[in-house]
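The values are calculated or read from the model by the stated rules, or taken from the named source; none is laboratory data. The shown structure was predicted, so the numbers you read here are calculated from the model rather than taken from an experiment. We place every Cβ from the backbone using ideal geometry, glycine too, and count neighbours over all the protein chains shown.
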Amino acid sequence: MRMVVIGLVLLAGIKVWTQDRTYRSVMGDALVQAYRERAIEVCRKTAIKRSAAISSGASGAWNAASDAQIIIGNPELEVAIWDTENPLWVQRFRNPHLILTGERANCAYDVRGGTATFSIH
């Protein structure tokens with residue numbers, strides 16, 4: 001009897017895990033499709049506003065074929081999790097970001113705020 005209960009618990013756990021992974025995958029794809037064009041536009045404008053040396057390498061880095069993924073929070077921002085009074089805390093830990101990966105640079109588009117930050121690699 002104990003083995004049957006353990007088996008049922010394992011099956012229930014696998015079912016919940018599978019549903020969660022499927023939901024996150026589908027919702028991530030939908031958000032990427034919904035915000036990709038706006039993110040590319042904002043990332044290009046942000047890159048052009050930067051200095052000429054940065055923008056020359058980054059402004060053309062993002063296009064419709066760029067790799068994109070949705071994450072919660074921008075890992076590029078250095079804010080401690082306990083520093084909730086920091087004005088960047090919401091961007092670092094709460095807002096969804098669309099990360100565009102180009103050849104020379106990454107751009108993190110804040111879906112809620114409509115702003116972009118980028119880093120050159």
task = Please indicate, with yes or no, whether at least one residue in segment 95-109 is modelled with pLDDT under 85, in contact with a strand residue (DSSP E or B) (Cβ under 6 Å, 6 or more places away or on another chain) and surrounded by 18 or more Cβ atoms within 10 Å (Cβ to Cβ).
result = yes
remark   = Restricted to segment 65-94 and to residues being among the polar types (S, T, N, Q) and under 13 Å from residue 108 (Cβ atoms), the residue surrounded by the fewest Cβ atoms within 10 Å (Cβ to Cβ) is 69
task = Under 8 Å between Cβ atoms, at least 6 apart or on separate chains: pull out the pairs that start in segment 26-49 with a residue that is touching a residue at least 60 places away in the same chain (Cβ under 8 Å) and end on any residue that is among the hydroxyl-bearing types (Ser, Thr, Tyr) and part of a helix (DSSP H, G or I).
result = 47/55
remark   = Just one listed residue, out of 113, 60, 28, is assigned to a loop (DSSP other than H, G, I, E, B) and at pLDDT 85 or above, and it is 113
remark   = Filtering segment 80-97 for residues that are assigned to a loop (DSSP other than H, G, I, E, B), among the hydrophobic types (A, V, I, L, M, F, W, C) and either without any contact (Cβ under 8 Å) to a residue 12 or more places away in the chain or farther than 26 Å from residue 28 by Cα (or both) leaves a count of 3
